[in-house]
Amino acid sequence: MSANTESQTCSLSSRKRCPQACGLESVAPLVDSGEETPEAIPTTIKGVIPAWINGSFLRNGPGKFEFGDDRYNHWFDGMALMHRFHISEGSVTYSSRFLQSDSYVLNSEKNRIVVSEFGTVAMPDPCKNFFARFFSRFQIPQPTDNANVNFVKYKGDYYVSTETNFMRRVDPQTLETKEKVDWSQYIAVNSATAHPHYDQQGATYNMGNSYSRDGFFYTIIRVPPLEKTSEEDSADLTGAEVICSIPAAESTKPSYYHSFVMSENYIVFVEQPIKLNVLKFMLFKIMGQSFQEILSWEPEYDTIFHLVDRHTGKRSEVKYRAAPMFTLHQINAFEDNGYLVMDMCCGDDGVVIGDFTLENLRRESGEDMDKFYNSLCRNLPRRYVLPLNVDEQTPLDQNLVMLPNCKATAKKTDSKEVYVTHEELHSDELLQYGGLEFPQINYDKYNGRPYRYFYACGFGHVFADSLLKMDVHTKELKVWRYPGLYPSEPVFVASPNATEEDDGVVLSVIITPRKGKSTFFLVLDAKTFAELGRAEVPVNIPYGTHGVFNKMG
């Protein structure tokens, strides 16, 4: 492919580069409410579950979409349902529980939706008189504690998290809900992501935000490692600190973000053109609008990469800009000879977040579903490279990226500004799988360091319909894909005494709309991507979000 042809291809949107779907099946059963299974039940093993896997695969996601006659509007609104696949000596058991959040408990008691979520506004109590219902709209809405996105760890404790200032501590063995934790009681932030990073010393880093009369700020949070085990069974975020505050480029239109980039020495916050209208946010309950309705994709804004030294909290004076793009999840980042290399899943259209309404996800098979899917952005892996040593002597308008075999560029355009373009981190083969999302790596050994492999979900449907292994050196793919089977985010677990990056297994949970109670836990050989075994469990599991492996001694 010539450079000119490659440039023309890359100028096409990711949606236009992927094949159009035809005849997609309905996935409505994947967003039906589930039932909890509090007591562990056995599974039926097919193939072999390696005996060395010893621990629990924990999954989180929306699991209940109605209370009484009230229905949620958006997939993100569903009440958190936690799942545990416990693996020991080749056998697997399954259990699940609804998170006993304040939102879940209050909704259950009233048998209606009384707490607003991302895409659903709770209506005033019909039992109140007119004036009470009217004035209730002027009360400041409390953020939900429906933590349905991920399992995260701070100081050795597990929490479930969403994107508000509330988390819930949970017992990873029983899935019992413990206390609600408010970030604002520890540090001056109003929210935190559900995708923290962990360093080799056990500290946890996250992104939050704060706003005051001085403006809107994106904040980098550090929670120190656990120093000594306490006999007290309670949440411990003592020592949490904000190590850097980054002012929004436009204080009345801060950017939405889902995660951030971290290498061994740097954190990068990606300020992307998905904008939150602060004025609408202040009025959204009065106007009867949900949170999703105050987000907008505004591609007239560039993407800005804010570079921060994670040891000192010092923010680089150099501003790195790129063309408008949308990202939810980063793959990995590492430093290489004076450059910061950042790999992430990116798209060209940030409208996609609001599109995942339950009405859309429950469309009928065929033309109706095809039309929705074909309108969606496709996310593809990209590599951006930031030159770290930019100063007054750095020449203008010259490509500063000198890494071998790297097609990403960076040009100094002003005294303290660098414009970067990305390298496509894939071959055309990936396009037939609809792009990818939910990337995972051998995190314990390679996060923030040079790496070769990542694992992800392919999106040939509105929900993932394949598992992928990508070699970032050769851009070659390995694929696990079967019609009618929809896998969860793949999670890598290293073999004991592993000597190679991909020496281990990949875990996923597979669900299907075609047959009830046909869920199974899947184990793939990470090196070959061949199926080793599966554990069939007779339950229906709604399509979830993220998961982790909790290693047991």
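Round to the nearest 0.05 the FRET efficiency obtained for K517 and H311 when R0 = 56 Å and r is the Cβ-Cβ distance.
On the way: r = 51 Å, r/R0 = 0.91.
Once the sixth-power term is evaluated, E becomes 0.65.
Listed by chain and number, the aspartates and glutamates placed with their C-alpha closer than 15 angstrom to that of K110 are E66, D69, D70, D102, D125; residues fewer than eight positions away on the same chain are left out.
Label sites at R449 and T238, each approximated as a point 7 angstrom past Cα along Cα to Cβ, lie 3.2 nm apart. Under the shape rule built on the C-alpha gyration tensor, where the axes satisfy a ≥ b ≥ c, the chain is rounded, since a/c falls short of 1.5.
Carbon-plus-sulfur accessible fraction, the chain (probe radius 1.4 Å, protein heavy atoms only): 49%. Kindly state, to the nearest 0.05, the FRET efficiency for D102 paired with N399, given R0 = 41 Å and r defined as their beta-carbon distance. Efficiency, from the Cβ-Cβ distance: 0.15.
Between Rg and the Kirkwood Rh of the range 138-288, both from Cα atoms, what is the Rg to Rh ratio?
Values: Rg = 16.0 Å, Rh = 16.4 Å.
Radius of gyration relative to Kirkwood radius: 0.98.
Under a cut-off of 22 Å between alpha-carbon atoms, report the lysines in cross-link reach of K475, not counting same-chain residues fewer than 8 places apart. K475 reaches K16, K407, K445, K527.
Could you pull out every one of the lysines with an alpha carbon less than 26 Å from that of K253, ignoring same-chain neighbours closer than 8 positions? Leaving aside lysines fewer than 8 places away in the same chain, those within reach of K253 are K275, K280, K285, K314, K319, K416.
Run the numbers on the range 171-273 and let me know its relative contact order in percent, using alpha-carbon pairs under 8 Å that are six or more apart. Reported relative contact order: 22 percent.
Candidates V472, Y443, A456 compared by Cα position along the dipole of the range 395-480: farthest toward the positive end lies Y443, with charges placed on Cβ.
Tell me, what is the per residue accessible area of the chain in Å², probe radius 1.4 Å?
Solvent-accessible surface per residue comes out at 43 Å².
For the range 301-415, what does the alpha-carbon gyration tensor say about shape, rounded, prolate or oblate, given a ≥ b ≥ c as the root eigenvalues, a/c under 1.5 as rounded, and a/b over b/c as prolate? Judged from the Cα gyration tensor, the range 301-415 comes out prolate (a/c at least 1.5, a/b above b/c). The C-alpha atoms of the range 383-489 occupy a region whose extents along the principal axes are 57, 29, 21 Å, arranged from largest to smallest.
In percent, how large is the relative contact order of the range 404-553, given Cα pairs closer than 8 Å and 6 or more residues apart? Don't skip to the answer; put the middle values down first.
Working: 295 pairs, mean separation 22.4, N = 150.
Across the range 404-553, relative contact order equals 15 percent.
Here the range 422-478 is assigned +1 on the Cβ of each Lys and Arg and -1 on the Cβ of each Asp and Glu. Its dipole about the Cα centre then comes out at about 320 debye. Per-residue 3J(HN,Hα) values for the range 482-491, derived from phi via the Karplus relation 6.51 cos²θ - 1.76 cosθ + 1.60 with θ = phi - 60°, read 9, x, x, 10, 10, x, 8, 3, x, 10 Hz in sequence order (x marks Gly and Pro).
For the chain, what does the relative contact order come out to in percent, with C-alpha contacts under 8 Å and a separation of six or more? Don't skip to the answer; put the middle values down first.
Numbers: 1396 pairs, mean separation 85.2, N = 553.
Relative contact order comes out at 15 percent.
How much length is gained if the chain between C406 and Q185 is pulled fully straight, taking 0.36 nm per residue apart and subtracting their Cα-Cα distance, in nm to one decimal?
Working: separation 221, 0.36 × 221 = 79.56 nm, distance 4.52 nm.
That works out to 75.0 nm of additional length.
What dipole magnitude, in Debye to the nearest 20, does the chain give about its Cα centre under +1 on Lys/Arg Cβ and -1 on Asp/Glu Cβ? About 480 debye.
The values are calculated or read from the model by the stated rules, or taken from the named source; none is laboratory data. These numbers come from a predicted model, not from an experiment. Note that we place each Cβ from the backbone using ideal geometry, even for glycine, and neighbour counts take in every protein chain shown. These accessible areas exclude ligands, DNA and RNA; they are computed on the full protein's heavy atoms, side chains included. Shrake-Rupley method; radii C 1.70, N 1.55, O 1.52, S 1.80 Å.
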